[in-house]
Every structure is written in structure tokens, then in C-alpha cells.
Amino acid sequence: MSLKVAAFYQFAALPDFRELRGPLRAICVRLGLKGSVLLAHEGINGTLAGRADAIDEMVDALQHGPLFGGRLDQLELKFSLAVAVPFRRLKIRLKKEIVTLGDAKADPTRQVGIYVGPAEWNALIAAPDTLVIDARNSFEVALGTFEGALDPGIASFGQFKDFAARQLDPAKHRRIAMFCTGGIRCEKATAHLLARGFAEVYHLKGGILKYLEQVPEAESRWRGECFVFDERVALGHELCERRMESGCNE
């Protein structure tokens, strides 16, 4: 039996995030879900796996249930399948940030880059005046990326701002297009660049996962596989599961 996996996030004001941890965990336990959820004052970020009906009930609770009171009505969601539970346990953790950058000025609730859907992404990154940047860590880039994308050479996302300070110039790089796995790192990265004075910054809405889900392989500019942070290791087009051994195999 295939299991359903939901990856989700939203930047939203959650001043009561500490009090949300217990009730959210109780819902996940009741539904038999496993995975990881991060809660912070700035929002929620998580990936959960379980039966399809249980995942659907959890998503409804996040978006419309009384626990969050409608604050997650813009939840960014990606769904995929797994042949086995890709997580060993359930973790609900409290964090300072739901994605760590360490720049207080990078606030996606105030300003963020221009969203570009998967259908429009190919044309944007093919334009000669667009600098395409992979906002992920080097080991993820090595597994797969878009044609012509710049690898920042970072070991963790917290190093992105140092890369930007060294190699990016608002006067020189007038149009920047960024992408990451599910979109959340680009929310922070584009907010950071806008705060530094970059005028035209775009990012792939829904990230690589949404692109692989919606863009036919024959039209794709993606090369390789997309690393995911669970025991499936990597996903290909149509979000089919790949496991890494000596190479990428179906």
C-alpha cells in the first residue's frame, strides 16, 4: 500500500508556537503520522507521512481547524507517495527560525521575491540576462540541478548570506532567479537580497518538487534527481521515488 507524504510550510505570525506543540503532536499521534514539524514565531515547516486519509485530515486541521485559527490559510503544500514510511518517528520541534538564515531583516511576511510558476520557469531561466542560483547545499546540488544554475558552494543554508555578500552585486546582477527543494529557503533568500537592495529577484513557486510534479520530463530543464530529507533520499519527475545505492535507481 502506497503512503502519502505531505511537505508544507508557511511564514505566519505564531506568537503562541510553544503552546501549539502539544496539541499538534496529539493530532499526529492520533492519525498515526510520522515525520518532522518545526514551529517558530515566524511560522511552520514540516513533512509528514501516513495513510492518505490521515494526511488529508491533518492538512484540513492545519488550514481550517481551531488549533491555528485560520492563520495557515496560505499553506504551501506538496504531496508525493512512498512505498514505505520514510520516517522512523514523529518529531515536533520548537525553533528560533523555521529555516535558519540568521538575518532578522529577511522577513518573508514583509517582502519576498516574485513567484514564478513551474510553467513559466523555463523561459525565465533561459533568458541570457538572468542569473540562476541554486539556494541549496552543495551535496544537494551534486545530485541534481537546473541547467546553467550557479552553485553557491555552501554546506548549510545559514552560509547563504556570506555567499551573497562575497559574490552578488546589486549593480551587476540586475535579475536573479532562485530555486530550492520546496520553496521555503528561497522565501528567506529572496527576502535577504531585497533587503540588500537587489531590485529584481524571482523564485520558483513550490520549488523543485512542484516543478517535477507539473512539468513533463520531455520539456524539463532539470538534470538529475532532487534530494529530499527522508529515507526516500531522492525524487524524480512526477515525484517518483528514487533510492541511492551505487547510483539513482527507480
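Contact annotation: residue pairs with Cβ atoms under 7 Å, 6 or more positions apart or on different chains, pairing a residue in region 198-215 that is under 18 Å from T145 (Cβ atoms) and among the acidic types (D, E) with a partner that is assigned to a helix (DSSP H, G or I) and open to solvent by 10 Å² or more (accessible area, probe 1.4 Å), are E213/E238; E213/L239. Filtering region 119-155 to residues that are within 25 Å of E76 (Cα to Cα), out of contact with any strand residue (DSSP E or B) (no Cβ under 7 Å at 6 or more places or on another chain) and touching a residue at least 24 places away in the same chain (Cβ under 8 Å) leaves A119, N122, R136, F139.
Looking at region 104-115, which of its residues are touching a Leu at 6+ places or on another chain (Cβ under 8 Å) and surrounded by 19 or more Cβ atoms within 10 Å (Cβ to Cβ)? Passing the criteria: V112, G113. Scanning region 131-153 for residues that are among the hydrophobic types (A, V, I, L, M, F, W, C) and touching an Asp or Glu at 6+ places or on another chain (Cβ under 6 Å) yields V141, L143, A149.
Screening R110 against (1) without any contact (Cβ under 8 Å) to a residue 12 or more places away in the chain; (2) within 24 Å of K205 (Cβ to Cβ) leaves a single unmet condition, (1).
Taken together, the residues in region 74-89 that are more than 24 Å from A13 (Cα to Cα) and either among the aromatic types (F, W, Y) or outside any loop (DSSP other than H, G, I, E, B) (or both) amount to 5. If you go through region 54-88 and keep only what is at pLDDT below 95 and open to solvent by less than 20 Å² (accessible area, probe 1.4 Å), you end up with K78, S80, A82, P86. Selection over region 139-160 of residues that are open to solvent by 30 Å² or more (accessible area, probe 1.4 Å), modelled with pLDDT of 95 or more and part of a helix (DSSP H, G or I) gives a count of 1.
Restricting attention to region 62-104, the residues being over 27 Å from L212 (Cα atoms) and of a type in the set (G, A, S) number 5.
Being modelled with pLDDT of 95 or more and either β-branched (V, I, T) or out of contact with any helix residue (DSSP H, G or I) (no Cβ under 8 Å at 6 or more places or on another chain) (or both) is true of A165.
On the stretch given as region 89-103, residues that are over 19 Å from N137 (Cα atoms) and surrounded by 14 or more Cβ atoms within 10 Å (Cβ to Cβ) total 4. Would you be able to tell me the number of residues in region 59-73 that are more than 18 Å from the chain's Cα centre (by Cα) and either farther than 22 Å from L14 by Cα or in a loop (DSSP other than H, G, I, E, B) (or both)? The total comes to 7.
Screening region 1-38 for residues that are of a type in the set (V, I, T) and in a helix (DSSP H, G or I) and picking the one that is least open to solvent (accessible area, probe 1.4 Å) gives I27. Scanning region 168-227 for residues that are out of contact with any Cys (no Cβ under 6 Å at 6 or more places or on another chain), hydrophobic (A, V, I, L, M, F, W, C), under 12 Å from G113 (Cβ atoms) and open to solvent by less than 20 Å² (accessible area, probe 1.4 Å) yields I176, A177, F179, A189, A191, L193, F198, V201, L204.
The values are calculated or read from the model by the stated rules, or taken from the named source; none is laboratory data. Remember, predicted model here, so these are calculated numbers, not experimental data. Counting neighbours? That spans all protein chains shown, and the Cβs are built from the backbone with ideal geometry, glycine included. Just so you know, the surface numbers come from the protein's heavy atoms only, side chains and all, with ligands and any DNA or RNA stripped out. Shrake-Rupley method; radii C 1.70, N 1.55, O 1.52, S 1.80 Å.
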